[in-house]
Structure formats: C-alpha cells, structure tokens
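In what follows, a structure is listed as structure tokens, so that the remarks can point back to it.
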2 protein chains.
Amino acid sequence: MAETDNSIEIPQDFDSLKATILERKAQLPKRLRQVAAYALDHPDEIAFGTAASIATAADVQPSTLVRFAQHFGFEGFSSLQLIFRARLRERTPGYDERLRALSGNDHSKLESGSIFNGFVAAAHRSLDNIASSVEPEAFERAVNILAGAETIYLVAKRRSYPISGYMAYAFGKLRVRYQMVGTAAGIDDDILAMAGPKDAAFAVSFSPYASESVNQAKLLASRKVPVVSLTDSAFSPLAESSRVWFELVEADHAGFRSLSASMAFAMALTVAVAEKRRRNAREYE
Amino acid sequence: MAETDNSIEIPQDFDSLKATILERKAQLPKRLRQVAAYALDHPDEIAFGTAASIATAADVQPSTLVRFAQHFGFEGFSSLQLIFRARLRERTPGYDERLRALSGNDHSKLESGSIFNGFVAAAHRSLDNIASSVEPEAFERAVNILAGAETIYLVAKRRSYPISGYMAYAFGKLRVRYQMVGTAAGIDDDILAMAGPKDAAFAVSFSPYASESVNQAKLLASRKVPVVSLTDSAFSPLAESSRVWFELVEADHAGFRSLSASMAFAMALTVAVAEKRRRNAREYE
DNA sequence: GACTGGACGGAATAAATATTCTATTCTCAA
DNA sequence: TTGAGAATAGAATATTTATTCCGTCCAGTC
C-alpha cells in the first residue's frame, strides 16, 4: 500500500493545500494530475459540486477523486472539499496572516492571553466585514438626514449604550445639538414629545432587542421624525421604523460580541454629519 | 392547496431574494419567519450546510425548510440553496470598489466615503498596535488584582466613558459586582468613601486627562485600593497612582481617535476577570 | 363552542451520495 | 517478451440526503 502519507502534515487551509499540490504535481500519476489541474483551475466547482458532477467535469471516475484526496492525507473526498468551502467563507485577504501573527505572539503563552487574542481577532474580523456590508449610498443618505436635523435624538440601551455615549461626546465637541434618550427613567416620553419632523433620530439595537428602544423608534417614526438605525439583522424590528438602516454583524469571542465595527461606524457617521453641516453652513454665508 | 405562487416571479439572485423575503416578512407564519431570519443572518450556512444541519441550527424541522423554499416559488430546498451558493461564487464587490466607482461622479459622496474608510483604517491600525503594546504579564497581573476584588470601581469620564459603560454592562451580565464612578455629579465622593483595600478600581483616561478622574484615582490609591489603569502615555498622571497600568496609543482619523483597541482591551479584561473568578470559585467548592 | 383551513412536526421514503472493492489495464524494468 | 506492482475503471454498497405524506395542532370565523 502506498496511500496516506503520515509523515507529512495534512494541509489545513487552501493556501497550503495549493502549495502542496503544486509541489507534488510532477510526481502525480496521470489521472491524479488531471484532478489536480482541475481542482486548482475550478476551486468553486470543487466547493459546491458533488463527487459525481466533479468527476464528470474533470473527466475522471468518482473513485479517482477519493484517491486524490487520500493521496494528500485526507480521509476522503468530503474532507478535502471542506478546505475548498472554507476558502469561500472567509475570503478576507490579510486576515489569515494577522491571525497567524497573533497566535505566535507572547500572549498565547498565558492563560488570559488567549482571551486577549480572541477579542483582538474578533475586532479585526468585524472591521473586515464592515466595508462590504455598509453601502456607500445608504451611508450618504444617513449623513444627509442627520445633517439636516435640528436636534439628533440618540436612542440606545444596554450593549448599544456605549456607542451612543461616544456619539454624544463627539457631537458635543463638534457643536451638534443632540439629545440622549433613555438615560434617566421616566422622562423619556417627555423628551421624545419634543421631537418633530425637523429633527432626526439615530437608534442602535442588537439582538436581543431592547423593547424600549424599538418602541421609541416606532414612536418617533409615527411622529414623522426620520430615523436612522444600526442593527445586526435585516429582521430587526428597528428596520421597519427606519428611513435608512444598516445591518452590521459583529464577530464574537466567547459569546461576547465585538463593538469595534459599530464604534468605527458611529465615529464615521458622527464626523461625516458634522463635516456636512459645516459645509452647508458655509454655503449660506 | 396554497403553494407555489405562479403569479410572482421566482427570485433568481440573492439580492432579489433578500428583497422578496423582507417584503413578505410580516405575513410569514411563525416557523417560516424563523427560517427567513436565520437564512438572511447566516447565508453561508445555507450555502454549505445540509437541510438537516441547517434545520437544527435554525431550530426547525427539515420539512419546514422545504416549505419555506416552496413558499417563495422554488421547487424545493435544493433549488433555493443554489441562490445562496451563487452568491458566494460571484462575491459582491466590496465597499472599496463601489467607492471607487462613485469617486468619478460626485465629490460630496466621496467625502463621506473617505471619512468612513478613514475610521475603519484607523481602527485596524489601533488593533494591529495593541498586541505589541500590552505586555502579557502585566495583563495577567491586572486580571488577578481585579478578580480578587470584592467590588470593582470603574472610573472614566468623557471619551473614556463608553469603555467603562461597556464594562459595566458586561460585568452585570457576568455577575461581577461593580460600581461606576462619575455618572451623577456630587455623590462620587460618597461612593468612593466606601472603597477599601479589599476592592479594586479600573480607571481609564486619555489626554487631555480629566482632572476629576486623576484625582479620584489618587484618592483611591491613598486609601490602599489597588488601581489598574488604561491610558495613552507613560507620563499620564494616572500612572503614578496605579498598581498596574497600560499604555495604549490609538490611531486617529481627522483628529478623532479610534476606540477599537481600548474596547477590545476592555472586553478582554472583563471576560478574563470573570473567567478567573469562576475558576477560583470552583477551587474553593 | 364547533368548524375550517392553514401551519406544523415527525416518521416514511425514494433518490443521491461518497466510499469501498475487485477485476482489468497500464508502466516499466529485467 | 514477460513479470510485478501500481493505477485505474466501474460496479456494489452503505450512508446520507431531500422530499413527501399524514395526523395533529392552532387561530380565526360563523
């Protein structure tokens, strides 16, 4: 038998698999080389297809695919396929390297270190994700709505509260009139009663959604106050009350979701609004 | 029978499918809505998983997935799945590319976009920096100090306030006793008067340092309360009052410093402390 | 309060799947 | 040319898969 090569590590990610294939390509038997060529040329097909369909496309037998996989140390074709699928999931260039850099650093030696690394990695992932999930056009609309408002109402509870807390700080510095909602219990309704169509609101809520925030957003929407919202699902109850809404899925570690992407988003929105106002004001001078 | 809706077109790509789902979301029965939410929140899982695995993850029956697909005009679950797979093949162009496409048209649009990108980039830079600037041993010591405290006092003002705000939320979830300092003016001194050597404090302050925070940290230190602090300079006045302190320089954009690294740090510290406590508690059982 | 129609859960089923096995073919050296 | 060993094709097999079907449940209506 000349099958699984135990002496060499089984590739765990697409890049190293690709390298291994290229390296051994010359010594591969005819049909296996045929498979190798097809696999590297049509990685998407390998990821999605069945053994039968791929075999037909590559003009080999299904069993050849299994032998190919086993030749590189995998248990069968299916486990090889996982590598090709993983490649499509996290097609974030640069992320792998960063993660590898993290796992090699001093923190990994201590027990609390892995927690530390985990949160840094989660924050990175969140930020990688944000660029593709926020549409520039929607962002622009949100900026326009908030820049045109007399007073910006900030609605957030619990986990989202730090986000609006930062925005409040920044708006204060930038001389943009704002009003936080939900700090002291009881007077929220009175505050919201003052909001009108000339104002605007920014609401943040992640699942599990604080019912208070949702209701307040609804109330504002019913009073013709344009609402911009930040949430983590297209199914968020916030979405239906909002003129513009952003779906932002934060990566998590140990069950605690990162706030990095939300924070970056909030900072960008805040500064963009202030910038827009400054320019509008100059035009009227 | 009320099945396939021939009058309406079957979505052929992911975007129109998503739009259709969102549109009909309100009228969907309970389980189908559950599937809808899961599908839009975890599109990758739908693309790769089997009906059984997805059903388990979404907490429904496999047959529900089939009904869901048929509800939207597909023949079965498999044909719906093809849409989700196609999405991964032809990745949607990221924000960067879309932004570049926009840049030719309108200058004002470009402006908001560059602000957005700027903050995301700054956040990335901050996170890249954090691993090298925080010493694992110091982190370990900080965890030990806070894990051993009866009550953890959180001291932060202004820009740092969102950080302690998040920690308060997380400590609450994790059943760690804490006390925020500086929320309502006037009673701070009374709160601090209760702190003793068995407690500990975590103070955050970046330049320009809020004198209040600095004084409170000094007061705590003089009362033999161990202080852990997070700041942005070795010359920070906080440092001299602290048992352990961390220097964390955040990258900035347009003069506004990122909070991503501080946030990641705070989350890691919070969870590490809770974890440590949990372990200590188990040892004494 | 009974009736009706849709929604649901769960078992049954038929198709499709990856893998294994074996006979045959090919390769290369003596 | 012949013999030995690997490589291959293709059928057989044991899972796993999506789907169908039917009894039950639930909400709304008269």
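Report the antiparallel proportion of the DSSP beta bridges in segment B:123-283 as a percent, rounded to a multiple of 5.
10
So which chymotrypsin sites (Phe, Trp or Tyr not before Pro) in segment A:193-285 end up in coil per DSSP with only 15 or fewer other C-beta atoms within 10 Å? Let's see the in-between values first.
Working: sites: A:F202, A:F206, A:Y209, A:F235, A:W245, A:F246, A:F256, A:F265, A:Y284; in loops: A:F206, A:Y209, A:F235, A:Y284.
Those satisfying the criteria are A:Y284.
I want the antiparallel fraction of DSSP beta bridges within chain B, as a percent rounded to 5.
Around 10 percent antiparallel, to the nearest 5.
Sum -39500 (n - 2.57) across every DSSP H segment of at least 4 residues in chain A, then divide by the residue count to get the 222 nm mean residue ellipticity, nearest 500.
-17500 deg cm²/dmol
How high is the FRET efficiency between B:A19 and A:K30 when r is their beta carbon distance and R₀ equals 51 Å, given to the nearest 0.05?
0.55
Assign one of three labels to the protein assembly as shown, namely rounded, prolate or oblate, based on the Cα gyration tensor with a ≥ b ≥ c the square roots of its eigenvalues; rounded applies when a/c is under 1.5, prolate when it is not and a/b is larger than b/c, and oblate otherwise.
oblate
Pull up all non-local amide H partners of A:L230: gap of 5 or more, or a different chain, and H-to-H distance under 5 Å with H placed in the peptide plane.
A:A203, A:V204, A:S205, A:F246
Looking at segment A:23-83, which GluC sites (Glu not before Pro) are DSSP coil and have at most 14 other C-beta atoms within 10 Å of their C-beta?
A:E75
Mind listing the label-point distances from B:D13 to the same position on all other copies, shortest first, one decimal in nm, points 7 Å along Cα→Cβ?
Distances between equivalent label points, in nm: 3.1.
For labels at A:S78 and B:R223 in the simple 7 Å Cα→Cβ model, what's the distance in nm?
Between A:S78 and B:R223, the label points sit 6.2 nm apart.
Can you tell me, using C-alpha contacts under 8 Å and at least 6 residues apart, the relative contact order of chain A as a whole percent?
16
Rounding to the nearest 10 and keeping the result within 0 to 90°, find how far the Cα-based axis of helix B:136-147 lies from the longest principal axis of chain B.
In chain B, helix B:136-147 runs at an angle near 80 degrees to the longest axis.
Taking beta carbons within 10 Å but only from partner chains, what does the mean come to for residues B:165-172? Provide the component values of the computation, followed by the final result.
Numbers: counts 8, 10, 1, 2, 6, 2, 0, 1.
Mean partner-chain Cβ count within 10 Å for B:165-172: 4.
7 Å along Cα→Cβ for the label point: how many nanometres lie between A:G172 and each equivalent label in the other copies, listed shortest first?
Sorted ascending, the copy-to-copy spacings read 2.0 nm.
Label-point separation (nm) for B:T50 and B:S211, each offset 7 Å from Cα along Cα-to-Cβ?
7.0
Go ahead and run the numbers for FRET between A:A138 and B:Q12, Cβ-Cβ distance against an R0 of 35 Å, rounding to 0.05.
0.90
Within 10 Å of each Cβ in B:16-26, how many Cβ atoms from other chains are there, averaged over the peptide?
1
Among rounded, prolate and oblate, which fits segment B:14-89 when a ≥ b ≥ c are the square roots of the eigenvalues of its C-alpha gyration tensor, a/c under 1.5 means rounded, and a/b larger than b/c means prolate?
rounded
Quick check on chain A: take the gyration tensor over C-alpha atoms, sort the square-rooted eigenvalues as a ≥ b ≥ c, and tell me if it's rounded (a/c under 1.5), prolate or oblate.
Note, shape of chain A comes out prolate.
Antiparallel versus total DSSP beta bridges in the protein assembly as shown: what percent is that, nearest 5?
Beta bridges within the protein assembly as shown, antiparallel portion: roughly 10 percent.
Give me the inter-chain shielding for A:270-277: mean count of other chain Cβ atoms within 10 Å, whole number please.
Partner-chain Cβ atoms within 10 Å, mean over residues of A:270-277: 4.
Please calculate how many Å² of accessible area the protein assembly as shown carries per residue, with a 1.4 Å probe and no DNA, RNA or ligand atoms counted.
Averaged over the residues of the protein assembly as shown, the accessible area is 47 Å².
Could you give the angle, 0 to 90 degrees to the nearest 10, between helix A:260-283's Cα long axis and the longest principal axis of the Cα atoms of chain A?
Around 50 degrees separate the two axes.
Can you tell me the 0 to 90 degree angle between the C-alpha axis of helix B:211-222 and the longest principal axis of chain B, rounded to 10?
60
List, shortest first and in nm to one decimal, how far the label point of A:D252 (7 Å from Cα along Cα→Cβ) is from its counterparts in the other copies.
3.5
Ignoring ligands and nucleic acids, what accessible area does A:H42 show with a 1.4 Å probe (Å², nearest 10)?
Only protein atoms counted, so the area is about 80 Å².
The values are calculated or read from the model by the stated rules, or taken from the named source; none is laboratory data. Remember, predicted model here, so these are calculated numbers, not experimental data. Please note: Cβ atoms are built from the backbone with ideal geometry, for glycine as well, and neighbour counts cover all protein chains shown. Surface areas here come from the heavy atoms of the whole protein model, side chains and all, with no ligands, DNA or RNA. Shrake-Rupley method; radii C 1.70, N 1.55, O 1.52, S 1.80 Å.
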